[in-house]
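K.L.:
Here you go, one structure.
The values are calculated or read from the model by the stated rules, or taken from the named source; none is laboratory data. Small disclaimer: the values here were computed from a predicted structure and weren't measured. Counting neighbours? That spans all protein chains shown, and the Cβs are built from the backbone with ideal geometry, glycine included.
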Amino acid sequence: MAITLYAHPFSSYCWKVLIALYEDQTPFTYRLVEDAAAWDELKSLWPIKKFPVLRDGEKVIAESSIIVEHLMTHNESATAWIPADNQLALQVRFMDRFFDNYVMTPMSKIVLNSMRSSEEKDAKGVAEARQMLEVAYEWLEGQIAQDHWAVGDTFTLADCSAAPALFYADWAHPIDSKFANVRAYRKRLLAQPSVVKVVEEARPYRGYFPLGAPDRD
Ligand SMILES: N[C@@H](CCC(=O)N[C@@H](CS)C(=O)NCC(=O)O)C(=O)O
């Protein structure tokens, strides 16, 4: 059954799914959510109106991590994005939650705040987000030290989450040089061919980054 992904190349949560699709070379139709018609379609599928959303036949799947998990059922030869081993699976799910909740969320807070008018700006919220990112980088620095990928030697869902989270977080709140392991992990992620592809697809949209995209990566 053909699948359609509603997504945008600049969207961090879409990268999570795109990386999994590109790793497995899974064919899919890319429905770019940019014009009003695409937004209307998205809304009719998922009234929350957040992307990515996957359409697989009659099934509509929302939420990036659930979509990646769904891809394992769609394509029998897909990577085990969540390992079969229960203990490893918990670690992968935990790291996926870590990157979404404590890296992606505070990064988004900083970015979205910069788009607000001066009366609407939330200085306290941004300070808390920056503090959260510092704590997250510090925790990850100890966690990632011995492992090649987020959980052991296998590229999993956790790495699909980590790539966009660390890519954009470093733009919004740079990862200090004292977090050498985190910086090295981000570099390893950015060298992975599937990640190179999403970075290149997003490059024409860098002007969308409200804080101004740095001249690197
Ligand atoms: N928890 C959701 C988050 C999705 C999300 O926030 N997507 C952003 C793009 S990165 C979005 O749809 N933004 C459009 C909007 O909020 O109007 C997931 O994991 O898929």
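K.L.:
Is region 113-125 home to any residue that is of a type in the set (Ser, Thr, Tyr), within 18 Å of the chain's Cα centre (by Cα) and either more than 15 Å from the ligand (Cβ to nearest atom) or at pLDDT 95 or above (or both)?
P.N.:
no
K.L.:
From Tyr137, Tyr205, Tyr185, which residue is at pLDDT 95 or above, of a type in the set (Ser, Thr, Tyr) and surrounded by fewer than 19 Cβ atoms within 10 Å (Cβ to Cβ)?
P.N.:
On inspection, the qualifying residue turns out to be Tyr205.
K.L.:
Right, next: For Leu5, state whether it is farther than 20 Å from Tyr205 by Cα and either within 13 Å of the ligand (Cβ to nearest atom) or touching a Leu at 6+ places or on another chain (Cβ under 9 Å) (or both).
P.N.:
No: the conditions fail for Leu5.
K.L.:
Something else: Restricting to region 1-34, give me the number of residues that are in a loop (DSSP other than H, G, I, E, B) and of a type in the set (A, V, I, L, M).
P.N.:
Total meeting the criteria: 3.
K.L.:
Would region 17-27 turn up any residue that is within 24 Å of Tyr208 (Cα to Cα), within 10 Å of the ligand (Cβ to nearest atom), crowded, with 17+ Cβ neighbours inside 10 Å and among the aromatic types (Phe, Trp, Tyr)?
P.N.:
no
K.L.:
Please specify each residue of region 89-103 satisfying the condition of being in contact (Cβ under 8 Å) with a residue 60 or more places away in the chain and within 11 Å of the ligand (Cβ to nearest atom).
P.N.:
Within region 89-103, Asp96, Phe99, Asp100 meet the criteria.
K.L.:
Okay, moving on. How many of the residues making up region 118-137 are assigned to a helix (DSSP H, G or I) and over 16 Å from Asn101 (Cβ atoms)?
P.N.:
Matching residues across region 118-137 total 7.
K.L.:
A further question on this structure: For Ser64, work out the one condition from (1) in contact with a Cys (Cβ under 8 Å, 6 or more places away or on another chain); (2) of a type in the set (Ser, Thr, Tyr); (3) farther than 30 Å from Met132 by Cβ it doesn't fulfil.
P.N.:
Exception for Ser64: condition (3).
K.L.:
Under the condition of being in contact with a helix residue (DSSP H, G or I) (Cβ under 8 Å, 6 or more places away or on another chain), part of a loop (DSSP other than H, G, I, E, B) and within 13 Å of the ligand (Cβ to nearest atom), which residue from region 35-88 is farthest from Leu157 (Cα to Cα)?
P.N.:
Step by step, filter region 35-88, then rank; the result is Lys49.
K.L.:
Right, here's the next one. Would you point out which residue out of Ala165, Ala172 is touching a Phe, Trp or Tyr at 6+ places or on another chain (Cβ under 7 Å) and buried (at least 19 other Cβ atoms within 10 Å of the Cβ)?
P.N.:
Answer to the check: Ala165.
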